[in-house]
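For reference, the structure is listed below as structure tokens.
The values are calculated or read from the model by the stated rules, or taken from the named source; none is laboratory data. As the structure is a prediction and not an experimental result, all values here were calculated from the model. Methodologically, a virtual Cβ is constructed for each residue, glycine included, from the backbone with ideal geometry; neighbour enumeration extends over all protein chains shown.
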Amino acid sequence: MSKQQNSRGTSEYKNEKWASWTSTLGWPVQGVWPPGYDGSDINSADRSIDHSVIATGDDFGVVSLYEYPAASSNNAPHNKYYGHSSHVTSV
């Protein structure tokens with residue numbers, strides 16, 4: 001069996017129910033990127049088991065909680081939690 005890229009994956013899998021979501025990129029997390037953040041400022045993401053919230057950690061020591069999916073174009077409503085002195089690399 002050869003491994004090949006599915007160039008239709010975006011449309012074919014858009015309604016797929018994944019067991020977890022830990023990617024900082026993708027349709028259900030596009031709203032976690034506030035204006036002015038570059039592609040490396042959000043370091044980690046993890047969706048709750050019940051699929052209701054997603055947590056992110058960023059370069060500024062902030063853990064944020066969003067309703068899942070956070071699919072608004074950018075800067076979806078969220079709660080911020082401060083307490084880290086450096087990059088949050090895992091949530």
What are the residue pairs meeting all of these: first residue in the stretch 75-91, first residue of a type in the set (Lys, Arg), second residue surrounded by 10 or more Cβ atoms within 10 Å (Cβ to Cβ), Cβ atoms under 9 Å, and 6 or more apart or on different chains? Lys80/Val62; Lys80/Val63; Lys80/Ser64; Lys80/Leu65
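Could you check, for the stretch 47-65, whether at least one of its residues is of a type in the set (S, T, N, Q), in a strand (DSSP E or B), in contact with a Gly (Cβ under 6 Å, 6 or more places away or on another chain) and surrounded by 10 or more Cβ atoms within 10 Å (Cβ to Cβ)? Outline the logic, then answer.
Here is the first cut: in the stretch 47-65, the residues of a type in the set (S, T, N, Q) are 48, 52, 56, 64.
Restricting the remaining residues to those that are in a strand (DSSP E or B) gives 56, 64.
Then drop every residue that is not in contact with a Gly (Cβ under 6 Å, 6 or more places away or on another chain), which leaves none.
Within the stretch 47-65 (the criterion being of a type in the set (S, T, N, Q), in a strand (DSSP E or B), in contact with a Gly (Cβ under 6 Å, 6 or more places away or on another chain) and surrounded by 10 or more Cβ atoms within 10 Å (Cβ to Cβ)), the answer is no, since none of the residues qualifies.
Among the residues of the stretch 48-57, write down those that are on the phi < 0 side of the Ramachandran plot and over 8 Å from the mean Cα position of the chain (by Cα).
Answer for the stretch 48-57, where residues must be on the phi < 0 side of the Ramachandran plot and over 8 Å from the mean Cα position of the chain (by Cα): Ser48, Ile49, Asp50, Ser52, Val53, Gly57.
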Of all residues in the stretch 66-75, which are among the small types (Gly, Ala, Ser) and surrounded by fewer than 14 Cβ atoms within 10 Å (Cβ to Cβ)? Ser72, Ser73
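So, in the stretch 2-46, exactly how many residues are among the β-branched types (Val, Ile, Thr) and either more than 16 Å from the chain's Cα centre (by Cα) or assigned to a loop (DSSP other than H, G, I, E, B) (or both)?
Within the stretch 2-46, the subset among the β-branched types (Val, Ile, Thr) is 10, 22, 24, 29, 32, 42.
With the extra rule that they be either more than 16 Å from the chain's Cα centre (by Cα) or assigned to a loop (DSSP other than H, G, I, E, B) (or both), the set shrinks to 10, 22, 24.
Residues flagged as among the β-branched types (Val, Ile, Thr) and either more than 16 Å from the chain's Cα centre (by Cα) or assigned to a loop (DSSP other than H, G, I, E, B) (or both) within the stretch 2-46 amount to 3.
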So for the stretch 52-67 (the condition being aromatic (Phe, Trp, Tyr) and at pLDDT 95 or above), does at least one residue qualify? yes
Can Asn43 be described as on the phi > 0 side of the Ramachandran plot and in contact (Cβ under 8 Å) with a residue 24 or more places away in the chain? no
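For the stretch 66-89, give me each residue that is in a strand (DSSP E or B) and more than 10 Å from Val32 (Cβ to Cβ).
Scanning the stretch 66-89 gives Glu67, Asn79, Lys80, Tyr81, Tyr82.
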